[in-house]
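Below is one structure; the comments refer to it alone.
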Amino acid sequence: MSDARPTVLFLDDDPDILTSASLVLERGGFAFMGLETPAAAHERLAQGGIDLLLLDLNFRRGDTSGEAGLAFLETALAATPELPVVVVTGHSGMAIAIQAMRLGAQDFVVKPWNNDRFLGSIQAALEAPRRVPAGLPPKDLNLERSERTLVQAALTRHGFNVSQAAKDLGITRAALYRRMEKHGL
């Protein structure tokens, strides 16, 4: 690759936002690519060569839930877990931005952004070692089923060594035995 500048892909459905970001990022020393649809962004990410993803959380007019962006984030990080991601949000609010960070985004910037803060977040995300989440929380939030799954995974991971599995789970052996009996393990 002849261009030594880091390549930033920005997924946002607003062409004006992409134009603004392009100006700031190119002046800041980055190669810029803006895409307006999740499908196009998935396709481009699959080709490789992207150093950082900027991600808007809403892709449909009037939608401020952030669900589409969070779904894209999960899929993108499942395919490329080492990819640094900075969420850029204007409507979804702090709760959604924090949820995105729990899913693996490294930072978030609120629209309209401060150019220095915007560039600083991108630079920090590129320079910081990428922490890949050990495991995302289960989609099944039923406590009983989740507990059984976690106990079973710890036991399997440690070859059914109860002492090691209990230590891994942060509970006593006696507590682990009670949970094993409770779940029929």
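The values are calculated or read from the model by the stated rules, or taken from the named source; none is laboratory data. What you are looking at is a predicted structure, and each value in this text was computed from that prediction instead of being measured. For neighbour counting, all protein chains shown are included, and Cβ atoms are generated from backbone atoms with ideal geometry for every residue, glycine included. When the accessible area is computed, the model is the full protein with side chains, heavy atoms only, and any ligands, DNA or RNA have been set aside. Shrake-Rupley method; radii C 1.70, N 1.55, O 1.52, S 1.80 Å.
Summary of computed values
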quantity: Checking Pro112 against (1) surrounded by 14 or more Cβ atoms within 10 Å (Cβ to Cβ); (2) in a loop (DSSP other than H, G, I, E, B), the condition it does not meet; calculated: (1)
quantity: Pairs where the first residue, in region 3-16, is more than 17 Å from Pro38 (Cα to Cα) and the second is open to solvent by less than 20 Å² (accessible area, probe 1.4 Å) and outside any loop (DSSP other than H, G, I, E, B), C-beta under 9 Å, 6+ apart; calculated: Asp3/Ala31; Arg5/Ala31; Pro6/Ala31; Pro6/Leu52; Pro6/Ile122; Thr7/Ala31; Thr7/Leu52
quantity: Identity of the residue in region 167-180, at pLDDT 90 or above and open to solvent by less than 70 Å² (accessible area, probe 1.4 Å), that ends up nearest to Thr149 (Cα to Cα); calculated: Met180
quantity: Residue pairs meeting the criteria (Cβ under 7 Å; at least 6 apart or on separate chains; first without any contact (Cβ under 8 Å) to a residue 60 or more places away in the chain, in region 145-165; second surrounded by 14 or more Cβ atoms within 10 Å (Cβ to Cβ) and among the acidic types (Asp, Glu)); calculated: Ala154/Asp168; Arg157/Asp168; His158/Asp168
quantity: Long-range neighbours under 8 Å by Cβ, at least six apart or interchain, first residue farther than 20 Å from Gly90 by Cβ within region 18-38, second open to solvent by 50 Å² or more (accessible area, probe 1.4 Å) and part of a loop (DSSP other than H, G, I, E, B); calculated: Gly29/Arg5; Phe30/Arg5; Ala31/Asp3; Ala31/Arg5
quantity: Search result, residues across region 86-99 that are surrounded by fewer than 21 Cβ atoms within 10 Å (Cβ to Cβ), outside any loop (DSSP other than H, G, I, E, B) and not hydrophobic (A, V, I, L, M, F, W, C); calculated: Gln99
